[in-house]
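The values are calculated or read from the model by the stated rules, or taken from the named source; none is laboratory data. Fair warning: this is a prediction, and the values are worked out from it, not measured in the lab. Please note: Cβ atoms are built from the backbone with ideal geometry, for glycine as well, and neighbour counts cover all protein chains shown.
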């Protein structure tokens, strides 16, 4: 894991300007750049599809820093993936559905921000019915699995609109990066 692509997937939203997402993204880039070669993409600033595909081919690991809008990626980030994840480059015709991913040997990590409080996860009586963060974003994991990538442990910052705690998010993110990337 020497080459890392870090993607800022924030899209402006009426209640989310993107300051926290940018702060987390900047911290990820700074920490990882101390030990690894890092390339970046900020989806909201525009991108060239072929250049992005080359970044994925170059990368050993992809980190996506993104808010969760309606339990998934922002529309612009989903459009980015729809455009960049091209057949013949990211996946091919495997014999069985879900086989044939062409991005094998690469890992990925999602770093997410949620308006949902942390208690909404992992408790059977709460909204996510006992699912942890990984379970709540299983559909995103399936997308990456389909193209052949392997997951690293995801990060989540919770309750970011109603009860933001930037110091805690930053401390937890630094601990997460130290655990996952040894930085």
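Residues in region 145-175 that are without any contact (Cβ under 8 Å) to a residue 60 or more places away in the chain and not in a loop (DSSP other than H, G, I, E, B): 145, 146, 150, 151, 155, 156, 167, 168, 171, 172, 175. Among residues of region 109-121 that are on the phi > 0 side of the Ramachandran plot and surrounded by fewer than 21 Cβ atoms within 10 Å (Cβ to Cβ), none has a Cβ under 7 angstrom from a residue that is assigned to a helix (DSSP H, G or I) and at pLDDT 85 or above at a sequence gap of 6+ or on a separate chain.
Show me the strands (runs of 3 or more DSSP E) entirely contained within region 1-75 in which 1 or more residues are over 13 Å from the mean Cα position of the chain (by Cα), surrounded by 13 or more Cβ atoms within 10 Å (Cβ to Cβ) and at pLDDT 95 or above. I'd like the intermediate steps shown before the answer.
Values: elements: 3-8, 37-42, 61-67.
Correct list: 3-8, 37-42.
Does residue 98 count as farther than 14 Å from residue 143 by Cα, surrounded by fewer than 17 Cβ atoms within 10 Å (Cβ to Cβ) and either out of contact with any strand residue (DSSP E or B) (no Cβ under 7 Å at 6 or more places or on another chain) or at pLDDT below 95 (or both)? Reasoning before the result, please.
Details: farther than 14 Å from residue 143 by Cα: no; surrounded by fewer than 17 Cβ atoms within 10 Å (Cβ to Cβ): yes; either out of contact with any strand residue (DSSP E or B) (no Cβ under 7 Å at 6 or more places or on another chain) or at pLDDT below 95 (or both): yes.
When the stated conditions are applied, residue 98 does not pass them.
Does region 123-138 contain any residue that is touching a residue at least 40 places away in the same chain (Cβ under 8 Å), under 14 Å from the mean Cα position of the chain (by Cα), under 24 Å from residue 16 (Cα atoms) and not in a loop (DSSP other than H, G, I, E, B)?
Yes, region 123-138 contains at least one residue that is touching a residue at least 40 places away in the same chain (Cβ under 8 Å), under 14 Å from the mean Cα position of the chain (by Cα), under 24 Å from residue 16 (Cα atoms) and not in a loop (DSSP other than H, G, I, E, B).
Checking each residue in region 1-23 for being closer than 22 Å to residue 113 by Cα and touching a helix residue (DSSP H, G or I) at 6+ places or on another chain (Cβ under 6 Å) picks out 4, 5, 6, 8, 9, 10, 11. Condition check: touching a residue at least 12 places away in the same chain (Cβ under 8 Å), in contact with a helix residue (DSSP H, G or I) (Cβ under 7 Å, 6 or more places away or on another chain) and more than 24 Å from residue 105 (Cα to Cα). Does residue 74 satisfy that? No, not satisfied.
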